[in-house]
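Step one of this worksheet: look at the structure below.
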Amino acid sequence: MIEIIQNTFIKTFEKEPLMVQSPGRINLIGEHTDYNGGFVLPAAIDKKMIVGIAANGSQKCRLYSTDFKEEFSFELNSFSSKKGHWATYTMGVVSQFQQAGYPVSGFDMVFGGDIPVGAGLSSSAALECAVGFGISELFEIGIPKLSLIHYAQKAEHTFAGLKCGIMDQFASVMGKEDFAIRLDCRSLEYEYFPVELGEYSFVLVDSKVKHTLADSAYNKRQEECLEGVQAAQSIFPQVTLLRDLDLMQLDEIRAKISQEVYQRCQYVMEENQRVLDACTLLNDEDLKGFGQKMYESHEGLSKKYQVSCEELDFLVDFTLGKTEILGSRMMGGGFGGCTLNLIQSIFISTFKSQISKAYQTEFGKIPDFYEVNLGNGTGKFN
């Protein structure tokens with residue numbers, strides 16, 4: 001992939017580029033906790049976006065996508081968001097840098113990658129971080145990593161129009177090979193935990209569905225969590241996020257909220273604790289215990305938070321009782337996308353065959369599979 005990007009750049013712009021990369025991510029556990037100020041446990045993966053970039057001495061930016069086989073250009077003094085277009089992520093980052101007062105000049109760029117688009121592995125965050133790092137290196141701006149993460153997140157908010165949490169960009173920039181990152185989404189304190197998989201591997205099963213209610217349901221869950229916080233504030237005025245509440249306090253406000261809101265809040269608190277427990281299990285190299293936490297997470301997401309769907313539940317249920325599989329859960333916002341599975345490596349091909357047949361029989365489609373390893377974060381190619 002790197003050779004393709006590099007050679008395409010040289011052929012298109014007749015000069016040598018600076019080559020940078022930024023990875024996609026998986027989230028091992030801790031779903032829908034980020035916007036509640038809770039804990040998440042993401043890791044960068046060995047699938048990435050690759051960017052070749054060079055200054056061109058003008059006030060124009062010329063882009064080429066090897067995936068879309070398309071060119072796009074814009075003037076630095078006059079550009080705006082093109083929602084739904086691949087160039088939006090680059091323009092969003094440039095806009096953030098300009099607003100911060102950084103000296104960005106015209107550049108030429110070629111990019112591509114092997115992160116499957118739409119699989120929930122954060123290809124857009126990886127591109128934003130790669131572009132930001134590339135511009136910072138190219139013009140010797142020296143933007144600190146945490147600032148780069150914030151600019152990439154704001155680019156997603158303002159130009160792509162998605163009010164995402166900070167986890168995706170954080171994992172992409174701060175990833176470390178064979179480690180997961182426990183991120184406190186309230187303080188942004190973080191800690192690395194070793195992921196020693198031994199004879200096991202992480203395999204993603206893509207349901208190949210994305211139900212239309214995903215976005216509206218995501219917003220609704222945020223509102224329900226806020227409802228819980230507001231009810232709690234009448235008794236516990238110090239509470240600003242669900243993170244500030246415990247299960248005993250939640251029981252004290254139970255009469256003030258609906259059963260639905262109670263279950264949403266209960267799930268978030270239990271999931272936060274699961275992240276903390278999972279980190280202890282990783283430190284102890286207890287993969288079986290870790291896999292059980294994955295199953296518990298899915299059960300909570302499906303029954304209490306209600307963001308799963310028939311297809312995801314089927315994929316997780318199919319793994320139950322198979323001794324070669326330690327854990328499985330839906331990953332991401334829900335209502336489609338992937339399940340994350342912790343599987344004995346020698347069983348993977350058998351598993352793919354078995355679950356493909358069962359899924360096709362049930363839903364009339366064959367899932368995609370992605371085997372991933374945990375890799376390093378954003379950086380230059382040597």
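The values are calculated or read from the model by the stated rules, or taken from the named source; none is laboratory data. This is a predicted model, so every value here is computed, not measured. Positions of Cβ are backbone-derived with ideal geometry, glycine not excepted, and every protein chain shown enters the neighbour counts. All accessible areas refer to the heavy atoms of the entire protein, side chains included, with ligands and DNA or RNA removed. Shrake-Rupley method; radii C 1.70, N 1.55, O 1.52, S 1.80 Å.
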Accessible surface of the range 239-382 [probe 1.4 Å, protein heavy atoms]: carbon and sulfur percent: 46
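Taking a threshold of 19 Å on the Cα-Cα distance, which of the pairs Lys220/Lys304; Lys208/Lys357; Lys60/Lys145; Lys145/Lys380; Lys145/Lys176 fall above it?
Over 19 Å Cα-Cα: Lys60/Lys145.
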If amide H atoms are modeled at 1.01 Å from N in the peptide plane, then the residues at a separation of 5 or more from Phe179, or on another chain, having amide H under 5 Å from its own are Val195
Counting only residues 5 or more apart in sequence or on a different chain, those whose built amide H sits under 5 Å from that of Gly337 are Ser207, Lys208, Val209
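Please give the FRET efficiency for Asp246 paired with Leu197, using the beta carbon to beta carbon distance and R0 = 35 Å, rounded to the nearest 0.05.
Numbers: r = 33 Å, r/R0 = 0.94.
Plugging the Cβ-Cβ distance into 1/(1 + (r/R0)^6) gives 0.60.
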Using a 1.4 Å probe over the heavy atoms of the protein chains, calculate the carbon and sulfur portion of the accessible area of the range 67-192 as a whole percent. 46
The distance between the Cα centres of the range 126-196 and the range 313-382, in whole Å, is 25
Glu227 accessible area, nearest 10 Å², 1.4 Å probe? 90
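Ranked from the most accessible area to the least, with a 1.4 Å probe and all protein chains present, what is the order of Glu224, Glu299?
Working: Glu224 5, Glu299 100 Å².
The most accessible residue leads, giving Glu299, Glu224.
Working out 0.36 nm times the residue gap between Tyr190 and Leu146, then minus their Cα-Cα distance, what length gain in nm do you get to one decimal? List each step's numbers first, then the result.
On the way: separation 44, 0.36 × 44 = 15.84 nm, distance 1.17 nm.
Fully extending the segment from Tyr190 to Leu146 adds 14.7 nm.
Under the rule a/c < 1.5 gives rounded, and otherwise a/b versus b/c splits prolate from oblate, where does the range 80-198 land using the Cα gyration tensor?
Details: a/c = 1.68, a/b = 1.47, b/c = 1.15.
Since a/c reaches 1.5 and a/b is larger than b/c, the shape of the range 80-198 is classed as prolate.
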Residues other than Asn373 with Cβ under 10 Å of its Cβ, Lys/Arg counted +1 and Asp/Glu -1, net out at -3
Ordered by packing density, taken as the mean number of other Cβ atoms within 10 Å over each peptide's residues, highest first, how do 40-51, 247-258, 266-277 rank? 40-51, 266-277, 247-258
The range 210-277, accessible area per residue, ligands and nucleic acids excluded (1.4 Å, Å²): 53
I'd like to check one number: the per residue accessible area of the range 6-124, probe 1.4 Å, reported in Å² as a whole number. 38
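How would you classify the range 279-361 from its alpha-carbon gyration tensor, with a ≥ b ≥ c the square roots of the eigenvalues: rounded for a/c under 1.5, else prolate if a/b is greater than b/c, otherwise oblate? List each step's numbers first, then the result.
On the way: a/c = 2.26, a/b = 1.08, b/c = 2.09.
Oblate is the answer for the range 279-361, as a/c is 1.5 or above yet b/c matches or exceeds a/b.
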Return the label of the correct value of Rg/Rh (Cα atoms, Kirkwood Rh), as calculated from the structure shown, out of (1) 0.99; (2) 1.02; (3) 1.11. (1)
Counting only residues 5 or more places away or on other chains, whose amide H sits under 5 Å from the amide H of Val372 once H atoms are built in the peptide plane? Phe202, Leu204
Using a basic spin-label model with each label point 7 Å from the Cα along Cα→Cβ, how many nm lie between Asp317 and Phe68? 4.0
Probe 1.4 Å, all protein chains in place: accessible area of Thr323 in Å², nearest 10? 120
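Provide the net charge surrounding Asp313, with neighbours chosen by a C-beta distance below 12 Å and charges set as Lys +1, Arg +1, Asp -1, Glu -1.
Details: positive: Lys303, Arg329; negative: Glu299, Glu310, Glu311, Asp317, Glu362.
For residues surrounding Asp313, the net value is -3.
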Please work out whether the range 129-215 counts as rounded, prolate or oblate from its C-alpha gyration tensor, where a ≥ b ≥ c are the square roots of the eigenvalues and a/c under 1.5 means rounded, while otherwise a/b larger than b/c means prolate and anything else oblate? oblate
Separation between Cα centres of the range 1-61 and the range 291-306, rounded to whole Å: 31
Output ordering of 140-152, 7-19, 338-350, 71-83 (per-residue mean of other Cβ within 10 Å, highest first) is 338-350, 140-152, 7-19, 71-83
Based on the Cβ-Cβ distance from Gln230 to Ser81, what FRET efficiency comes out when R0 is 25 Å, to the nearest 0.05? 0.15
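If we count every other residue with Cβ under 11 angstrom of Ile4's Cβ, Lys/Arg +1 and Asp/Glu -1, where does the sum land? Display every interim value, and only then the final one.
Working: positive: Lys11; negative: Glu3, Asp67, Asp114.
Around Ile4, the charge tally is -2.
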